[in-house]
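Asks: Okay, here's the structure, questions in a sec.
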Number of protein chains: 2
Amino acid sequence: MKIFESKDGINYIRRGQMIPTETVVNMPDFHLIENRKAIGTLIESKGLTEWSFSLSANDVVYGLGQNMRGLNKRGFVYESFCSDDPNHTPDKRSLYGAHNFFVVLGEENWGLYIDFAGKVTYDIGFEDKNQLKITIEGVDFDAYVFKGTFESITKQFRALIGPSYVPPKWAFGYQQSRWSYEDATVVKEIADRFDSEDIPCDAIYLDIDYMERFKDFTISDERFPEFKSFVKDLKARDLKLVPIIDAGVKVEEGYSVYEEGVEKHYFVTDDKGKPFSAAVWPGKVHFPDFLNADVREWFGNAYHEMLEMGIEGFWNDMNEPAIFYSEKGLNEAIAFVSAQAGQNLDIYTFFTLKDKIMGLSNALSDYKAMWHRMTTRSGELKVNHYDVHNLYGYNMTRAAAEGFKRFDSDRRFFMLTRASHIGMAKHSGIWTGDNHSWWEHLKLNVQMMPSLSMAGFLYSGADTGGFGGNVSAELMVRWMQFSTFTPLLRNHSAMGTRRQEPWQFDQATLKIIRDQIRMRYALVPYLYAEFMKANQDQTLLFAPLAYAYGDSRSLLVEDQVLFGEGLMLAPVIEQNALGRYVYLPEDMVLWKASSVENLNQESFVKMEHGDHYLPLAINESAVFIRKNHLLVLTEPRNRVSKLSYDHLTVIGYVEDEATYDLYDDDGVTNQFEKGIHHKTRLTVVRVGETYRLSVDTTVTTLGNIELYIIDKNGKTHHLKQEKGVL
Amino acid sequence: MKIFESKDGINYIRRGQMIPTETVVNMPDFHLIENRKAIGTLIESKGLTEWSFSLSANDVVYGLGQNMRGLNKRGFVYESFCSDDPNHTPDKRSLYGAHNFFVVLGEENWGLYIDFAGKVTYDIGFEDKNQLKITIEGVDFDAYVFKGTFESITKQFRALIGPSYVPPKWAFGYQQSRWSYEDATVVKEIADRFDSEDIPCDAIYLDIDYMERFKDFTISDERFPEFKSFVKDLKARDLKLVPIIDAGVKVEEGYSVYEEGVEKHYFVTDDKGKPFSAAVWPGKVHFPDFLNADVREWFGNAYHEMLEMGIEGFWNDMNEPAIFYSEKGLNEAIAFVSAQAGQNLDIYTFFTLKDKIMGLSNALSDYKAMWHRMTTRSGELKVNHYDVHNLYGYNMTRAAAEGFKRFDSDRRFFMLTRASHIGMAKHSGIWTGDNHSWWEHLKLNVQMMPSLSMAGFLYSGADTGGFGGNVSAELMVRWMQFSTFTPLLRNHSAMGTRRQEPWQFDQATLKIIRDQIRMRYALVPYLYAEFMKANQDQTLLFAPLAYAYGDSRSLLVEDQVLFGEGLMLAPVIEQNALGRYVYLPEDMVLWKASSVENLNQESFVKMEHGDHYLPLAINESAVFIRKNHLLVLTEPRNRVSKLSYDHLTVIGYVEDEATYDLYDDDGVTNQFEKGIHHKTRLTVVRVGETYRLSVDTTVTTLGNIELYIIDKNGKTHHLKQEKGVL
């Protein structure tokens, strides 16, 4: 083991020669250090590494990206092992992502990133409440230990992994999905309904049924007879279609992707070197070997045909990879079951039978029977899938992202994916997978957003309303209130569940949801600015209160989150609640956000530091503006592209002075990477009994600005400024 | 349809001739009323009855006994259909009990009890948030509509169904269970450990492995070679053994219960009149036809052998009835799977295959293929199981209870059961089934206790720590803090999960749990008194705040419950929480209960009406004493039988005067039914700057009484009274 240190004090630990993940892209200068004291206790045994740390009584552990349970991860066992399991019950240890970064705050603050391609298990004070025990399924890995404040630790980590994926700006609009809008007629009906109901929307999703029998990169002629012109028609209405691509390639003679893949040995192989056969939606499939650079190029180019038809983005799914069954597994299970015919089963044999069938999906034995030809700097490496499992979805999406770049290097494309590894954060956004219409999953969504920010997944969000199960009007509304602030705002639900488009409930609910989506559009310039700044400054877009507040109470708050530099959100996450408790670590201004119309001086209430019970009617959510911070709204429109700077509303809680940088850019190209963007600096200064706004901007279309500035006595000052003059 | 009215204003609705449930045992005088306005909207169609009611915006719906979700049931769909499903996720609609009683509080208060043996579905503002829609799977049923206050409605209902089951007093002690303490050596080790650790305990459970290959009423000679003397030995230590009895009787030549059952046609039959064959733990079983009086007598008598050996109680399990598979179902499934051998399965065939196997357990098709010879007043009735499903577990337990009565009519026996119907409340207690070590299930436990009280299930509690899954020390402690107040306090967990006896964690946790169990024992006289009075007065032992408080905020509180006449409990139910919010509908006194030792004047804090954040360390739980109420503690001992009145501690929040009736009785016989019991009336009156206690008692052993009386200014008065003289 070698330990290095950077000038910023990051410790870099190298054990053996890890399978490269290409996650760390900005390696600082490190120098080897000798005789340093050990970081935790590290034991190697039987090919595993056990790494233990002591936890003090009040230490809090944040992180692990997309995983179960609370903000504070203490008290349970978690795994990093990309898993397609649609039942996110509290006993589950992993979801779709593998995000090996966490931060401990307490007696000593530290963070750890384990750069590793395989499975890692974290016992965070479960077996022994005072121990954090990590089991790495391997002996070769890199690790980085960070010290400092919560903010500096997460910044240092994010600097290592580089900037996160930036979608086109329309991706901050409302997105409507369903498994499935099965043909062009249905998609058009959905699009028309949004317009006739006057509800903003920017994208409609195509789930697996748009394909010709679930074959990647095909389009069903029957369901979408004129796909290209259909895409064009929607585009003319400024609506995007987002088709799904699955990891598995259907085994079918005459299907070019399959045939080319077989011919060029592009598929993951079995123990005998033949393409590994498993079944997913299309039935029998082979899995492209995304760990091979040639395969990535081939698969990435396959997206081009739809890009040429006008498609501007995709969602990659089933890329853990999910396996319904492998050929071998199914044959064995059927043989076992068949052998029981006519037998007088004892009960344990029956359970074995049941387990054989239930255990067919995502079986570890299948993962261990799959082989990759991984491209590395030192040539092609034959690796077992199990050891690189967490890189699979990552590299599928990397293939797509690199394909997009080859198609048009300056254009941004929309990319969302299910399975992920921290290394993927630069290539794509993620949704939080197949959640349910459970209040518990709304809470999980709230608690997961900060850990996703920590892991670099800034463009993310949940299936609003829940994917599985049936949503109530109330849960739909409360979830929309939270998702109004998540960069990805997508309403998605599964086949067989209650329909949950905004108009599927009663008229009162429709109005609330419409108001909420209009609020989202009014917030887009602000959300986009916060997103871009969090990305460039390596700050957290969503954060636990402890990110900004050092008091011990803030460490305990599990159902409020900071958003960006100036807001705190306290969503209602309980059925039938008409209010909730909030803890304010300092004085803040409450906006019971229900609509962006009819704002007035009574819309904002200054609240004192401390604990409060807040009544919140079904159409109200609690948005807090932090001290000396500003929030900017524009006028809602029905598409992101129609939003303007014609009339901005600035809401601020300003004791003396507050400044806000309203970042903006063209929203479609990568020119921002060269620093090309608009900046509008808004500064509100108290001058005696009133306030003065000064604006420093490169935006030529800036129109009137209306201000609601709340002073330290709670008085709201309503001011208007025409074209820059107050 | 006929509608009758009682002089108390209860409406009794009779539609057709229902299958008798024998639930209503105290029928008041009713007179037929004509031309009364309809109660809701009732529609019959295709053998079903749909009954709809309007809900006002702020109506709250309490009840449905053992079911999912919150105190307020609004916003979801529930079923009354006894179900053995060990995954109590938020989308489940039913658990093990079928409890068709609920109360609506709001613009108008009303309650409804549907007396029916089959399935009932309740859409409580889910499909349409302003509608309560009940679907009864039949057209013949009785129903009772109640009006009045929450308290009067529940009293009227409880008066109809008669007094609830009363266990022996030792059942208020701590009970230790595990699937399984598999032999006498292990049971003895557990018993010894409780004594050596100085932890109070009254009962140890025997799960299925004590039997000879899971055969009811057998004892494995190998595992319990000297069962009778073993029972005697434990009894000498004042410890009870509680064996399990399952519903299904093993099919095995030479096994007398099986042979006699077949010979006498005592088993539920299939469509052809042969005993219905299904598999449960023993492998192939037949189900006794508990709806037949002869069968009940036969099965009830089968308990006698173990009673003669000194066993004093049982738990009846698997009596929904749970079916792992039926012979017919399994054969069909195996045939289907076998037919797929060598086929190239399409994905939908694979899902069908999976469903065939997964659908084997508790299949409706099996329930519909089972037939009963039900005993009714008008003779034997052939009924399909599906139509009387909810009576099955009820009548198994009734068989046991009636058997106990025949064994010794004056003695109380311990009886706990899993499946239930409201009619069973007079025969047995229930545990809340196979929960998980999830924080969500601790919350569910808290929320379920009031609805169980409403349904008459006063003797109940959850598997503390959780049955399935692995419990953390923290969850164990927080759950113990709540279960300290549930009449049934049982620690039970499943095979393969983390061991969760009090000593299975760290030393600090052991101490906390020991203190907590000692607190429970100190509370037993009080808990027992509250239990007996709630039973006799038809009041709720656990209740939503709205039971006593009329303010609108009380209607919204979902995580605090009233206990008995004088307490409010606010348990910590969140992982890593070191405190919680509470709402006080009036001024109350807080006891941060951590131990009953070292009480002092600082132990009690008066708190003002309103909202508070309470810090609560891991060993503290929030017990509130309501205004002008008293709480009584005795000195803890290691067995309930050792508790005495030698030294009582009375804690009270007394502005002017408070009275408490400390009911007591012999705890072992049914003499209490004749009114034979002890009453100790404690009256604390403010006299100027101090307080006077007067005691009116029939207890001759009453010793010293120590008082902590908190006055309206929050001052604690510490007083001592020797042998009745202050």
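The values are calculated or read from the model by the stated rules, or taken from the named source; none is laboratory data. These numbers come from a predicted model, not from an experiment. Please note: Cβ atoms are built from the backbone with ideal geometry, for glycine as well, and neighbour counts cover all protein chains shown.
Asks: Select from the range A:523-561 the residues that are among the hydrophobic types (A, V, I, L, M, F, W, C) and closer than 15 Å to A:PHE482 by Cα and list them in ascending order.
Replies: So in the range A:523-561, the residues among the hydrophobic types (A, V, I, L, M, F, W, C) come out as A:523-524, A:527, A:529, A:531-532, A:534, A:540-543, A:545-546, A:548, A:555-557, A:561.
Answer for the range A:523-561, where residues must be among the hydrophobic types (A, V, I, L, M, F, W, C) and closer than 15 Å to A:PHE482 by Cα: A:LEU523, A:VAL524, A:LEU527, A:LEU541, A:PHE542, A:ALA543, A:VAL561.
Asks: Is there a residue in the range B:589-599 that is assigned to a loop (DSSP other than H, G, I, E, B), among the aliphatic types (A, V, I, L, M), crowded, with 19+ Cβ neighbours inside 10 Å and within 25 Å of the chain's Cα centre (by Cα)?
Replies: Among the residues of the range B:589-599, not one is assigned to a loop (DSSP other than H, G, I, E, B), among the aliphatic types (A, V, I, L, M), crowded, with 19+ Cβ neighbours inside 10 Å and within 25 Å of the chain's Cα centre (by Cα), which makes the answer no.
Asks: Of the conditions (1) over 25 Å from the mean Cα position of the chain (by Cα); (2) closer than 20 Å to B:VAL242 by Cβ, B:MET306 satisfies every one except a single condition; which number is it?
Replies: Tallying (1) over 25 Å from the mean Cα position of the chain (by Cα); (2) closer than 20 Å to B:VAL242 by Cβ, B:MET306 fails exactly one: (1).
Asks: Would the range B:469-477 turn up any residue that is free of Cβ contacts under 8 Å to residues at least 40 places away in the same chain and either more than 23 Å from A:ASP128 (Cα to Cα) or more than 14 Å from chain A (Cβ to nearest Cβ) (or both)?
Replies: The answer is no, given that none of the residues of the range B:469-477 is free of Cβ contacts under 8 Å to residues at least 40 places away in the same chain and either more than 23 Å from A:ASP128 (Cα to Cα) or more than 14 Å from chain A (Cβ to nearest Cβ) (or both).
Asks: I'd like the residue in the range B:85-105 that is more than 12 Å from every other protein chain (Cβ to nearest Cβ) and not aliphatic (A, V, I, L, M) and, out of all such residues, is surrounded by the most Cβ atoms within 10 Å (Cβ to Cβ). Outline the logic, then answer.
Replies: Here is the first cut: in the range B:85-105, the residues more than 12 Å from every other protein chain (Cβ to nearest Cβ) are B:85, B:94-105.
From what's left, not aliphatic (A, V, I, L, M): B:85, B:94, B:96-97, B:99-102.
Details: B:ASP85: 17, B:SER94: 22, B:TYR96: 25, B:GLY97: 34, B:HIS99: 28, B:ASN100: 25, B:PHE101: 28, B:PHE102: 27.
Within the range B:85-105, the match that is surrounded by the most Cβ atoms within 10 Å (Cβ to Cβ) is B:GLY97.
Asks: Oh, and also: Restricting to the range B:394-430, give me the number of residues that are touching a strand residue (DSSP E or B) at 6+ places or on another chain (Cβ under 6 Å) and aromatic (Phe, Trp, Tyr).
Replies: 3
Asks: Of everything in the range B:603-649, what is of a type in the set (Gly, Ala, Ser) and in a loop (DSSP other than H, G, I, E, B)? Give them in sequence order.
Replies: Taking the range B:603-649 as the starting set, the residues that turn out to be of a type in the set (Gly, Ala, Ser) are B:603, B:610, B:617, B:621-622, B:641, B:644.
Across the range B:603-649, the qualifying residues are B:ALA617, B:SER644.
Asks: What residue, of A:TRP431, A:TRP439, is of a type in the set (Phe, Trp, Tyr), within 14 Å of chain B (Cβ to nearest Cβ) and surrounded by 24 or more Cβ atoms within 10 Å (Cβ to Cβ)?
Replies: On the way: A:TRP431 fails: within 14 Å of chain B (Cβ to nearest Cβ).
After applying the criteria, what remains is A:TRP439.
Residues are listed down the side, and each one gets a yes or a no for (1) touching a Phe, Trp or Tyr at 6+ places or on another chain (Cβ under 9 Å); (2) within 29 Å of B:PHE267 (Cα to Cα):
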residue	(1), (2)
B:ASN331	no, yes
B:SER338	no, no
B:GLN343	no, no
B:ILE347	yes, no
B:LYS354	yes, no
B:GLY359	no, yes
B:ASN362	yes, yes
B:ASP366	yes, yes
B:HIS372	yes, yes
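Asks: Let me ask you something else. Considering only residues that are under 20 Å from the mean Cα position of the chain (by Cα), farther than 18 Å from A:PRO525 by Cβ and assigned to a loop (DSSP other than H, G, I, E, B), which ones fall in the range A:155-191?
Replies: Scanning the range A:155-191 gives A:GLY162, A:PRO163, A:SER164, A:TYR165, A:SER177, A:ARG178, A:TRP179.
Asks: Something else: For B:PHE563, all conditions in the list (1) of a type in the set (Phe, Trp, Tyr); (2) out of contact with any Phe, Trp or Tyr (no Cβ under 7 Å at 6 or more places or on another chain); (3) buried (at least 23 other Cβ atoms within 10 Å of the Cβ) hold save one; what is the number of the exception?
Replies: Answer for B:PHE563: the failing condition is (2).
Asks: Any residue in the range B:544-553 that is assigned to a helix (DSSP H, G or I) and facing chain A (nearest Cβ under 10 Å)? Explain how you work it out, then say what you get.
Replies: The first filter runs over the range B:544-553 and keeps only residues assigned to a helix (DSSP H, G or I), leaving B:545-547, B:552-553.
Filter again for facing chain A (nearest Cβ under 10 Å), leaving B:552-553.
Within the range B:544-553 (the criterion being assigned to a helix (DSSP H, G or I) and facing chain A (nearest Cβ under 10 Å)), the answer is yes, since at least one residue qualifies.
Yes or no, residue by residue, for (1) outside any helix (DSSP H, G or I); (2) closer than 29 Å to A:ILE208 by Cα; (3) over 18 Å from the mean Cα position of the chain (by Cα):
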{"site": "A:PHE482", "(1), (2), (3)": "no, yes, no"}
{"site": "A:PRO487", "(1), (2), (3)": "yes, yes, no"}
{"site": "A:ARG499", "(1), (2), (3)": "yes, yes, yes"}
{"site": "A:THR509", "(1), (2), (3)": "no, no, yes"}
{"site": "A:THR539", "(1), (2), (3)": "yes, no, no"}
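For (1) farther than 30 Å from B:HIS385 by Cβ; (2) charged (D, E, K, R), each residue gets a yes or a no:
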residue	(1), (2)
B:LYS2	no, yes
B:SER6	yes, no
B:ILE10	yes, no
B:ARG15	no, yes
B:THR21	no, no
B:MET27	no, no
B:PHE30	yes, no
B:GLU44	no, yes
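Asks: Also, I was wondering about something else. If I filter the range B:265-284 down to residues being among the charged types (D, E, K, R) and away from chain A (no Cβ under 14 Å), which single residue comes out as surrounded by the most Cβ atoms within 10 Å (Cβ to Cβ)? Explain how you work it out, then say what you get.
Replies: As a first pass, look at the range B:265-284 and keep what is among the charged types (D, E, K, R): B:270-272, B:274, B:284.
Still in the running and away from chain A (no Cβ under 14 Å): B:270-272, B:274.
Details: B:ASP270: 18, B:ASP271: 12, B:LYS272: 8, B:LYS274: 11.
Here the residue is B:ASP270.
Asks: Output the strands (runs of 3 or more DSSP E) that fall wholly within the range B:193-309 and possess 3 or more residues being over 30 Å from B:ASP366 (Cα atoms), or say none. Give the derivation first.
Replies: Details: elements: B:203-206, B:240-246, B:278-280, B:283-286.
In the range B:193-309, B:203-206, B:240-246 are the strands (runs of 3 or more DSSP E) which contain 3 or more residues that are over 30 Å from B:ASP366 (Cα atoms).
Asks: For residues that are touching an Asp or Glu at 6+ places or on another chain (Cβ under 7 Å) and either closer than 22 Å to B:LEU527 by Cβ or not aromatic (Phe, Trp, Tyr) (or both), tally how many sit in the range B:139-154.
Replies: Of the residues in that region, 3 qualify.
Asks: I would also like to ask the following. Pick from B:ARG478, B:ARG514: which is closer than 18 Å to B:GLY173 by Cβ and outside any loop (DSSP other than H, G, I, E, B)? Give the derivation first.
Replies: Working: B:ARG478 fails: closer than 18 Å to B:GLY173 by Cβ.
On inspection, the qualifying residue turns out to be B:ARG514.
Asks: Which residue is farthest from B:ASP233 (Cα to Cα), if the candidates are limited to the range B:285-301 and must be over 25 Å from the mean Cα position of the chain (by Cα) and either among the aromatic types (Phe, Trp, Tyr) or surrounded by 20 or more Cβ atoms within 10 Å (Cβ to Cβ) (or both)?
Replies: B:ASN292
Asks: Given (1) surrounded by 22 or more Cβ atoms within 10 Å (Cβ to Cβ); (2) farther than 28 Å from A:GLN500 by Cα; (3) of a type outside the set (A, V, I, L, M, F, W, C), identify the lone condition not met by A:SER409.
Replies: With respect to (1) surrounded by 22 or more Cβ atoms within 10 Å (Cβ to Cβ); (2) farther than 28 Å from A:GLN500 by Cα; (3) of a type outside the set (A, V, I, L, M, F, W, C), A:SER409 is out only on (1).
Asks: Mind listing whichever residues of the range A:673-697 are exposed (fewer than 13 other Cβ atoms within 10 Å of the Cβ) and in contact with a Lys or Arg (Cβ under 6 Å, 6 or more places away or on another chain)?
Replies: Scanning the range A:673-697 gives a single hit, A:ASP696.
Asks: Among the residues of the range B:303-324, are any in contact with an Asp or Glu (Cβ under 7 Å, 6 or more places away or on another chain), surrounded by fewer than 24 Cβ atoms within 10 Å (Cβ to Cβ) and at negative phi?
Replies: No: zero hits.
Asks: Of a type in the set (Phe, Trp, Tyr) and within 14 Å of chain A (Cβ to nearest Cβ): is that true of B:PHE485 in this structure? Lay out the reasoning, then the answer.
Replies: Numbers: of a type in the set (Phe, Trp, Tyr): yes; within 14 Å of chain A (Cβ to nearest Cβ): no.
For B:PHE485, the condition - of a type in the set (Phe, Trp, Tyr) and within 14 Å of chain A (Cβ to nearest Cβ) - is not met.
Asks: Got at least one residue in the range A:672-681 being in a loop (DSSP other than H, G, I, E, B) and either in contact with a strand residue (DSSP E or B) (Cβ under 9 Å, 6 or more places away or on another chain) or aliphatic (A, V, I, L, M) (or both)? Please lay out each step first, then the result.
Replies: Of the range A:672-681, the ones in a loop (DSSP other than H, G, I, E, B) are A:675-677.
The next check asks that each one be either in contact with a strand residue (DSSP E or B) (Cβ under 9 Å, 6 or more places away or on another chain) or aliphatic (A, V, I, L, M) (or both); those that pass are A:676-677.
The answer is yes, given that some residue of the range A:672-681 is in a loop (DSSP other than H, G, I, E, B) and either in contact with a strand residue (DSSP E or B) (Cβ under 9 Å, 6 or more places away or on another chain) or aliphatic (A, V, I, L, M) (or both).
Asks: Right, here's the next one. Tell me, which strands (runs of 3 or more DSSP E) wholly within the range A:1-112 include 1 or more residues that are modelled with pLDDT under 95 and touching a Gly at 6+ places or on another chain (Cβ under 8 Å)?
Replies: On the way: elements: A:2-6, A:11-15, A:30-32, A:41-45, A:48-54, A:60-63, A:76-80, A:101-105.
Answer list for the range A:1-112: none.
The rows are residues; the columns are (1) within 14 Å of another protein chain (Cβ to nearest Cβ); (2) assigned to a helix (DSSP H, G or I).
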residue: B:GLY329; (1), (2): yes, yes
residue: B:PHE336; (1), (2): yes, yes
residue: B:ASN362; (1), (2): yes, no
residue: B:PHE404; (1), (2): no, yes
residue: B:GLY423; (1), (2): no, yes
